[in-house]
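Working notes for the structure below.
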Amino acid sequence: MKVLVIGSGGREHALSHKLSSSQHVEEVFVIPGNDAMQNVATVVGDIKETEHEKIVRFAQENAAEWVVIGPEQPLTEGLADALTAAGIKVFGPNKEAAQIEGSKSFAKAIMAKYDIPTAEYAVIHTKEAALDYLMDHPAPIVLKQDGLAAGKGVIVAMTHEEAVGAIERFYKDGDAEVVFEEFLAGEEFSLMVFVNDDFIIPFDVIAQDHKRAYDGDKGPNTGGMGAYCPVPHIGEDILKVTNERIAYPIAQAMSEEGLNYFGLLYIGAIITEDGPKVIEFNARFGDPECQVLLTKMDSDFIEVLAALERKEAIELEWSEDAVVGVVLAAAGYPGSYDRGHKVYGYNGELDYYISGLKKEDDWVTNGGRVMLALGTGRSIEEAVKASYGNVDKITSDGLFHRQDIAHRAL
């Protein structure tokens, strides 16, 4: 069969690679892709993610049996709806269901209605009300911009001054919808779940990513600076409880609400004194968790999709290796950064998943998170050594990376 992947980042590079390795797939197309994805797919760079009609037409004309949507934006804008209406099978939720990520207030409301454990919260629309709320709910406190923000719309304010600064930022243009949450202390992890309405296939391997920009989990939140799996210090008991209290109930809740969710649900969770609680849901694979999890997964992705479509239980197969991925990001990210810095040492190897490189005479940077260097090994220590070995093969004056990815597992 032929498969079409939507997106241009490292997550979509990993998805394209995984799909291209399926015994059932003869060709993978990617829209719009990037120059580095030519090592695993046919890149269709003249169509944009936002051009839904062109995407539908391309899928029809090229007999794509499945379309796999990687990023959140096309999902919240209804690309899955357009493809489904044209009779094309799509892995990715419809527009209404994608609100579980696209609207923080929507997600919190459904969790409150169905008693799914999460932080206490309030949705506040004006700066004045926000400042009043802060007086009664002092820092530390979490502020979340409603809507999509590429992983950068969350501020964890540890002091009163930081909270006031966050309020000034989020309401700078006037009234806005901002979710204020109780600060939860604990260790975070990411669980991915395949969902078909009220039926789920949960991953039995979890990943942990590093959101902060700098070593020691310092600095601003980012889309993710690295990830690893498995997470040896988070036991099967935590995974079991997370599935029982969060994964199965949220699938049932969305089914009860008539959302007809079909796709990947990302559960960003935190281990508290009261057990795992939800920090956020994403309506797609996390990035960079996707890259490390798909590297570890031995199952044929198409066979998993077929089982999910039939609501048929399937045991996911995993390599015994640990996997670590380190993000190389543009200097200045997640703030402003320059493009066009030359990058040396990358020659199309699949030890790297690329999100922000462009091929000119040389490879040059073309985004915030530029590439992810993978490493595998029989232990986390070996995988860390391998991933940083691949980091060291890359030279550029326009990149930086964290030196402590997977430190919690060492």
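Mind checking which lysines have their Cα closer than 26 Å to the Cα of Lys172? Skip sequence neighbours fewer than 8 apart in that chain.
Candidates past the 8-residue exclusion: Lys104, Lys108, Lys127, Lys144, Lys152, Lys211, Lys218.
Which distance in nm do the two modelled labels at Ser21 and Arg339 give, with both placed 7 Å along the Cα-to-Cβ direction?
3.1
Quick check: the distance between the Cα centres of region 342-361 and region 13-48, to the nearest angstrom?
16
If ligands, DNA and RNA are left out, what is the accessible area of Asp35 with a 1.4 Å probe, given in Å² to the nearest 10?
Probe radius 1.4 Å; accessible area of Asp35 about 60 Å².
Please compute the volume of the convex hull spanned by the alpha-carbon atoms of region 1-67 and report it per residue in Å³. Numbers along the way, then the final one.
Details: hull volume 4.5 nm³, N = 67.
With only Cα atoms used, region 1-67 gives 68 Å³ per residue.
Using θ = phi - 60° and the Karplus form 6.51 cos²θ - 1.76 cosθ + 1.60, what ³J(HN,Hα) does each residue of region 47-64 get, whole Hz, x for Gly and Pro?
10, 8, 4, 7, 8, 4, 4, 5, 5, 4, 5, 4, 4, 5, 5, 9, 6, 6
Which sequence of Glu162, Glu289 reflects their accessible areas, 1.4 Å probe, from the largest down? Working shown, then result.
Details: Glu162 90, Glu289 0 Å².
From most exposed to least exposed: Glu162, Glu289.
With the other protein chains left in place, how much accessible area per residue, in square angstrom, belongs to the chain at a 1.4 angstrom probe? It would help to have the intermediate numbers written out before the result.
Values: 16730 Å² over 410 residues.
I get 41 Å² per residue for this part.
Evaluate the relative contact order of region 1-127 (contact order divided by residue number), counting alpha-carbon pairs under 8 angstrom at least 6 apart; express in whole percent. Walk me through the numbers on the way to the answer.
Numbers: 202 pairs, mean separation 25.1, N = 127.
Taking the mean separation of contacting Cα pairs over the length of region 1-127, I get 20 percent.
Which whole-Hz couplings ³J(HN,Hα) result when phi for each residue of region 291-302 is put into the Karplus expression 6.51 cos²θ - 1.76 cosθ + 1.60, θ = phi - 60°, listed in order with x for Gly and Pro?
4, 7, 5, 5, 5, 7, 6, 9, 4, 6, 4, 5
To the nearest 10 square angstrom, how much accessible area does Val156 have with a 1.4 angstrom probe?
For Val156, solvent-accessible area is about 40 Å².
Which whole-Hz ³J(HN,Hα) couplings does region 245-257 yield from phi under the Karplus relation 6.51 cos²θ - 1.76 cosθ + 1.60, θ = phi - 60°, glycine and proline marked x?
So the Karplus estimates, Gly and Pro as x, are 9, 10, 5, 5, x, 6, 5, 5, 4, 5, 5, 4, 7 Hz.
For Arg169, what accessible surface area do you get with a 1.4 Å probe? Give it in Å², rounded to 10.
Looks like 110 Å² after rounding.
Please list, ordered by chain and number, the residues whose modelled amide H lies under 5 Å from the amide H of Ser379; skip anything fewer than 5 residues away on the same chain.
Placed amide hydrogens put Ala322 under 5 Å from Ser379.
Find how many whole Å separate the alpha carbon centroid of region 278-321 from the alpha carbon centroid of region 165-196.
Measuring centre to centre over Cα atoms gives 25 Å.
Could you tell me whether region 226-305 comes out rounded, prolate or oblate from its Cα gyration tensor? Rule is a ≥ b ≥ c as square roots of the eigenvalues, rounded for a/c under 1.5, then prolate if a/b exceeds b/c, otherwise oblate. Walk me through the numbers on the way to the answer.
Details: a/c = 1.76, a/b = 1.05, b/c = 1.69.
Oblate shape, in that a/c is at least 1.5 and b/c is the bigger or equal ratio.
At a 1.4 Å probe radius, carbon and sulfur cover how many percent of the accessible area of the chain? Write out the running numbers ahead of the final one.
Details: 7640 of 16730 Å².
Within the chain, the accessible surface is 46 percent carbon and sulfur.
Order Thr42, Thr222 by their accessible area, 1.4 angstrom probe, all chains in place, largest first.
Numbers: Thr42 55, Thr222 0 Å².
The most accessible residue leads, giving Thr42, Thr222.
Could you state the principal axis extents of the C-alpha atoms in the chain, from the largest down, to the nearest angstrom?
Sorted from largest, the Cα extents of the chain read 59, 49, 43 Å.
With an 8 Å cut-off on Cα pairs and a minimum separation of 6 or more residues, tell me the relative contact order of the chain in percent. All intermediate terms of the calculation are to be shown ahead of the outcome.
On the way: 950 pairs, mean separation 66.7, N = 410.
Relative contact order for the chain comes out at 16 percent.
With a 1.4 Å probe and all protein chains kept in place, how do Ile314, Ile31 rank by accessible area, largest first?
Details: Ile314 55, Ile31 0 Å².
Heavy-atom accessible area, descending, gives Ile314, Ile31.
For the chain, what does -39500 (n - 2.57) per DSSP helix run (n ≥ 4), summed and divided by total residues, give at 222 nm, in deg cm²/dmol to the nearest 500? Please list the in-between numbers first.
Working: 13 runs with 114 residues, N = 410.
-8000 deg cm²/dmol, from helical runs alone.
Suppose each label sits 7 Å from its Cα in the direction of the beta carbon; what would the Arg169-Glu236 distance come out to in nanometres?
4.2
The values are calculated or read from the model by the stated rules, or taken from the named source; none is laboratory data. Note that the structure is a prediction, hence the values are computed from the model and not measured. Neighbour counts run over all protein chains shown; Cβ positions are idealised from the backbone, glycine included. Side chains are part of the model used for accessible areas, which takes the heavy atoms of the whole protein and leaves out ligands, DNA and RNA. Shrake-Rupley method; radii C 1.70, N 1.55, O 1.52, S 1.80 Å.
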